Amino acid sequence: MKGLLSVRELGPDELRTMIKEASGIRDLIDRGEDHEPVLQGRCVANLFFEPSTRTRLSFELAAKRLGAHVLTLNPATSSGSKGESLRDTVLTIAAIGADVMVVRHVDQGVPQSVAEWTGLAVVNGGDGTHEHPTQALLDAVTLWRHFEHFDGLRVGLVGDIAHSRVAGSLVPVLSRLGMDLTMVAPEGWLPAETPHRTSTDLDAVIPELDVVYLLRVQTERGGRITDSYIGNFQLDEHRLARMSQDAVILHPGPMNRGVEISDDVAESSRSLVTEQVRNGVPTRMAVLRAVGWRS
């Protein structure tokens, strides 16, 4: 596997293999065992040109657990602040000795450009409103470990779908794994064309769902929080009570409590948000292992 720029590069069998490998690594971590240092002598460069906590830290730890050297760029103190172009910055880091680059950027397509400029294995850590492949993979790992199957799971993707790169990766992953997807959002945040079911009425569909996946309103990309949105789409204790008894809640973080989710629901036993975070490192280990030793 030469990098991971889009989940659309992965077919159903490849997705299932990656998910099972990540789940196996999670079991290894839970037992307190070390993974074989398959990236020993390799260098993973984390180039995060956009703020991140979960993704950046989990990629750092994932690379270190695989034995790699890790370079982490701080854009605020890099030569980019002196006017150096993005292309020159990444070529410099490649020349320093990076073997794999993890790239997160506010603009769509930057990870693809970095791969073309450098010829290195590049993992997309999130690009604009386009995709966030490893988030979708770790979400699938979370569902696999909870339900032990994918076929026929009814997933509601709720919120700012139009501006969400998580949705950009999650929709193809869920459908390729055999899940039944409903997109729930205000009219302007639903895709213009989609083969999947759509709804503007969360209350109408929530009893039917096995998974309620909440998305943050992307205010930095044009999303706007209104009282109407909160009233119609926030998952609160009343809507929680209408969910199926075995249904669970996912959220890619960071959560905006009081907007898409209430405090009580965020702390509910139905929430798998902490499990999503825990599955971030093993999932990114599986991805780095797949791209790193071949780079």
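Only residues that are in contact with a Ser or Thr (Cβ under 7 Å, 6 or more places away or on another chain) and either acidic (Asp, Glu) or over 20 Å from Thr129 (Cβ atoms) (or both): list them for region 156-198, please.
Once the filter is applied, which keeps residues that are in contact with a Ser or Thr (Cβ under 7 Å, 6 or more places away or on another chain) and either acidic (Asp, Glu) or over 20 Å from Thr129 (Cβ atoms) (or both), region 156-198 yields Gly156, Thr182, Glu187, Arg197.
Within region 26-74, how many residues are at pLDDT below 95, loosely packed, with under 15 Cβ neighbours inside 10 Å and part of a helix (DSSP H, G or I)?
The number of residues fulfilling the criteria is 0.
For region 89-122, which residues satisfy the criterion of being touching a residue at least 60 places away in the same chain (Cβ under 8 Å) and of a type outside the set (Val, Ile, Thr)?
Asp99, Pro111, Gln112, Ala115, Leu120, Ala121, listed by residue number.
Say we look at region 5-25 and pick out the residues that are in contact with a strand residue (DSSP E or B) (Cβ under 7 Å, 6 or more places away or on another chain) and in a loop (DSSP other than H, G, I, E, B); which of these is surrounded by the most Cβ atoms within 10 Å (Cβ to Cβ)? Steps first, answer last, please.
Filtering region 5-25 down to residues in contact with a strand residue (DSSP E or B) (Cβ under 7 Å, 6 or more places away or on another chain) leaves 5-7.
When the remaining residues are screened for being in a loop (DSSP other than H, G, I, E, B), the result is 5-6.
Details: Leu5: 20, Ser6: 17.
The extreme case among them is Leu5.
Can you tell me which residue is farthest from Ser52 (Cα to Cα) among those in region 119-141 that are part of a strand (DSSP E or B) and charged (D, E, K, R)? Give the steps one after another, and end with the answer.
From region 119-141, those part of a strand (DSSP E or B) are 121-127, 131; that's our starting set.
Cutting the leftovers down to charged (D, E, K, R) gives us 127, 131.
Values: Asp127: 12, Glu131: 15 Å.
Checked region 119-141; the qualifying residue farthest from Ser52 (Cα to Cα) is Glu131.
Quick check on this structure: which one of Thr226, Thr198 is more than 20 Å from the chain's Cα centre (by Cα), outside the structural domain of Glu36 (by TED's automatic domain parsing), of a type in the set (Val, Ile, Thr) and closer than 24 Å to Phe150 by Cβ?
Working: Thr226 fails: closer than 24 Å to Phe150 by Cβ.
So the residue among Thr226, Thr198 that is more than 20 Å from the chain's Cα centre (by Cα), outside the structural domain of Glu36 (by TED's automatic domain parsing), of a type in the set (Val, Ile, Thr) and closer than 24 Å to Phe150 by Cβ is Thr198.
Name the residue that is surrounded by the fewest Cβ atoms within 10 Å (Cβ to Cβ), counting only residues in region 143-166 that are part of a helix (DSSP H, G or I) and aliphatic (A, V, I, L, M).
Val166
The values are calculated or read from the model by the stated rules, or taken from the named source; none is laboratory data. Predicted model only: the values in this text are computed from it and were never measured. Cβ atoms come from the backbone with ideal geometry, glycine included; neighbour counts cover every protein chain shown.
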